[in-house]
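These notes concern the structure reproduced below.
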Amino acid sequence: MFEVTVSETQALASDSRSFTDAKKLAKQSAWRRLGRDGEAVWGVALGSKGDAYAVFARSAKDVRCSCPSRKTPCKHALALLLLVADHHPFPIEALPKGHRYE
Ligand SMILES: [Zn+2]
């Protein structure tokens, strides 16, 4: 798994609101699933309307999310990086089939 710090994650945020929102999502209960696959980590983030977004990070600079946010990286992507920065346990699990990270 790659490494990233909280301050590096904060520096990637396009505005302070994104980072504030990401901090709220940087906890297990905000995610339906989390996993790591080699160097990459992935997660299924729960949206506010019961929807779920596929998030995938190969490094701090290569993070994708399926949500419609125009911010890059979005709060889900930042939250996934914060979980990595926090050394949150990610079970070893292959990327779910059929997940799109575009
Ligand atoms: Zn997102």
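The values are calculated or read from the model by the stated rules, or taken from the named source; none is laboratory data. The structure displayed is predicted, hence computed values, not measured ones. Neighbour counts are summed over all protein chains in view; Cβ atoms, including those assigned to glycine, are modelled from backbone coordinates with ideal geometry. For the accessible areas, the whole protein counts, side chains as well, though only heavy atoms, and no ligand, DNA or RNA atoms are used. Shrake-Rupley method; radii C 1.70, N 1.55, O 1.52, S 1.80 Å.
With every protein chain kept in place and ligands, DNA and RNA left out, what is the accessible area per residue of the chain? Probe 1.4 Å, answer in Å². Don't skip to the end; give the middle numbers.
Numbers: 5880 Å² over 102 residues.
Per residue, the chain has an accessible area of 58 Å².
For the residue pair ALA52 and HIS88, what label-to-label distance in nm results when each label sits 7 Å from Cα along the Cα-to-beta-carbon direction?
Output for this residue pair reads 1.5 nm.
Taking all protein chains as present, what is the carbon and sulfur share of the accessible area of the chain, in % to the nearest whole number, probe 1.4 Å? Working shown, then result.
Details: 2900 of 5880 Å².
Carbon with sulfur: 49 percent of the solvent-accessible area.
Using the basic label-point model (7 angstrom from Cα toward the beta carbon), what is the MET1 to LYS61 distance in nanometres?
Reported label-point gap for MET1 and LYS61 is 2.2 nm.
Let me know the charge dipole size of segment 6-85 about its Cα centre in debye, to the nearest 20, where only the beta-carbon of Lys, Arg (+1) and Asp, Glu (-1) is charged. Don't jump to the answer; show the numbers that get you there.
Details: 14 positive and 7 negative charges, 49 e Å.
Computed about the Cα centre, the dipole is about 240 debye.
If you average the C-alpha positions of segment 1-24 and of segment 26-102 separately, how far apart do those two centres end up, in angstrom?
13 Å
Starting from the Cα-Cα distance between LYS23 and THR72, subtract it from 0.36 nm times their residue separation and give me the gain in nm to one decimal. Can you show the working numbers first?
Working: separation 49, 0.36 × 49 = 17.64 nm, distance 1.60 nm.
So the chain would gain 16.0 nm between LYS23 and THR72.
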